[in-house]
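K.L.:
Sending over a structure as C-alpha cells; questions will come in a sec.
The values are calculated or read from the model by the stated rules, or taken from the named source; none is laboratory data. Because the structure is predicted, anything quoted here is derived from the model rather than measured. We place every Cβ from the backbone using ideal geometry, glycine too, and count neighbours over all the protein chains shown.
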Amino acid sequence: MVAPPDNDVLWARGLHYSYNGSPALTGVSIGVREGEILAVTGPRGSGKSTLLKCLSGQLLPDPGEVWFNSAPVHTLTRAARERLRRDRFGWIDSEPHLVPELTAWENAALPLLVRGTGRRAAKQAALEWLERLDVGDCARRRPAALLQAQRQRVAIARALAAEPTVVFADEPTAPLHSADRAQVLRTLTTAARSHHLTVVLATLDDESAALADRTVALADGRRGGGIPFPDAPGGEGRAACSVSA
C-alpha cells in the first residue's frame, strides 16, 4: 500500500463509483494539499459531485481509497464517517437545504450545536458569518421568508461557522446572480485564506475556477489534462493541471 503524501490533507487513489451500473468515476486519483483551494471542473455528468461525495465520505468508492490526514476514510464505519463529516468537514450544496422551522442564525449554528458547542458561542459564530455574507439582517427570519440567494448565503455560513478543516463546495453559487456570485466567492476564498481552510470546489464556471490555486478537469468520470500523480497507475509527477492565481 502506498502511503499518502504528508502535505496532502486529502488523498485518493483509483476511485471507481457507479450508479445502477453506469460509471460515474473510473480510476480517479487526486491529492489536495493543506490550505489549498482546488477547483474540480468539467461538464455536467463528468463526475464532479460524485468525486466530492467520495472524498467527503458520503459515498464509498468501489474500489478505491480515500485518506484524510493520512487516516483511511474508506475503511471507516458509517457512524465514524458521519462524525468525520460533522466535526471536520463542511458541505455547501448547489441548493440551500435549510431546516424550515429554524431561523437563519439557528440554521447557520446547527453544526456547532450538534457538536455540543454552547448556544451562546454557536450563535455568535453564526451571526459573524451571516454578517460577512451580507445576510446579518436576516438572522431571525425563517427560510420561507428569505430569497433563494439569501438562503444560499445562510447555507454557506453554516458550512463555515463550524470551522471545518475541509470545505466541499458543490456548485455553491449556482442559485446566485453574477454580482452575488462574485461577492460570495470572494468571501469563501478570503475565509479559506485567513482561516487556512482547504476547499474542494466543483464548478462549471470559469470565473469560480480562476479563484482556485489549482484546477483538475474531469471528463466522463476520468481525470483529464495535466500529468498524473506519482501514486496513480503510470504516474510520473504531480499534476500541475491548469493553475490559476
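K.L.:
Would you mind finding the one in Glu128, Glu101, Glu82 that is under 16 Å from the mean Cα position of the chain (by Cα) and surrounded by fewer than 16 Cβ atoms within 10 Å (Cβ to Cβ)?
P.N.:
Details: Glu128 fails: under 16 Å from the mean Cα position of the chain (by Cα); Glu101 fails: under 16 Å from the mean Cα position of the chain (by Cα).
The conditions single out Glu82.
K.L.:
Looking only at residues that are in contact with a helix residue (DSSP H, G or I) (Cβ under 9 Å, 6 or more places away or on another chain) and hydroxyl-bearing (Ser, Thr, Tyr) in region 15-33, which one is surrounded by the fewest Cβ atoms within 10 Å (Cβ to Cβ)? Quick ask: steps written out before the conclusion?
P.N.:
We begin by selecting, within region 15-33, every residue in contact with a helix residue (DSSP H, G or I) (Cβ under 9 Å, 6 or more places away or on another chain); these are 15, 17, 19, 24-25, 28, 30, 32.
Next cut, hydroxyl-bearing (Ser, Thr, Tyr) only: 17, 19.
Numbers: Tyr17: 21, Tyr19: 9.
It comes out as Tyr19.
K.L.:
Moving to a separate point now. Here's a check for you: in region 171-188, which residue that is assigned to a loop (DSSP other than H, G, I, E, B) and over 17 Å from the mean Cα position of the chain (by Cα) is modelled with the highest pLDDT?
P.N.:
His177
K.L.:
Let me ask you something else. Given the condition closer than 21 Å to Arg83 by Cβ, small (Gly, Ala, Ser), in contact (Cβ under 8 Å) with a residue 40 or more places away in the chain and crowded, with 23+ Cβ neighbours inside 10 Å, answer yes or no: does some residue in region 44-60 qualify? Write out each step before concluding.
P.N.:
Taking region 44-60 as the starting set, the residues that turn out to be closer than 21 Å to Arg83 by Cβ are 52-60.
From what's left, small (Gly, Ala, Ser): 56-57.
Remaining after also requiring in contact (Cβ under 8 Å) with a residue 40 or more places away in the chain: 56.
Filter once more, keeping what is crowded, with 23+ Cβ neighbours inside 10 Å: 56.
Yes; the residues of region 44-60 include at least one that is closer than 21 Å to Arg83 by Cβ, small (Gly, Ala, Ser), in contact (Cβ under 8 Å) with a residue 40 or more places away in the chain and crowded, with 23+ Cβ neighbours inside 10 Å.
K.L.:
Continuing with this model, one more query. Going by the structure shown, is Ala210 farther than 19 Å from Pro164 by Cβ and in contact with a Ser or Thr (Cβ under 7 Å, 6 or more places away or on another chain)?
P.N.:
On the way: farther than 19 Å from Pro164 by Cβ: yes; in contact with a Ser or Thr (Cβ under 7 Å, 6 or more places away or on another chain): yes.
The answer is yes for Ala210.
K.L.:
Among Val114, Val99, Val40, which is out of contact with any strand residue (DSSP E or B) (no Cβ under 7 Å at 6 or more places or on another chain) and modelled with pLDDT of 95 or more?
P.N.:
Numbers: Val114 fails: modelled with pLDDT of 95 or more; Val40 fails: out of contact with any strand residue (DSSP E or B) (no Cβ under 7 Å at 6 or more places or on another chain).
Going through Val114, Val99, Val40 in turn, the sole match is Val99.
K.L.:
Can you tell me which residue in region 42-77 is farthest from the chain's Cα centre (by Cα), limited to those that are part of a helix (DSSP H, G or I) and basic (Lys, Arg)? Give the steps one after another, and end with the answer.
P.N.:
In the first step, residues of region 42-77 are kept if they are part of a helix (DSSP H, G or I); the result is 48-55.
Among the residues that remain, those that are also basic (Lys, Arg) are: 48, 53.
Working: Lys48: 11, Lys53: 9 Å.
Per the criteria, the residue is Lys48.
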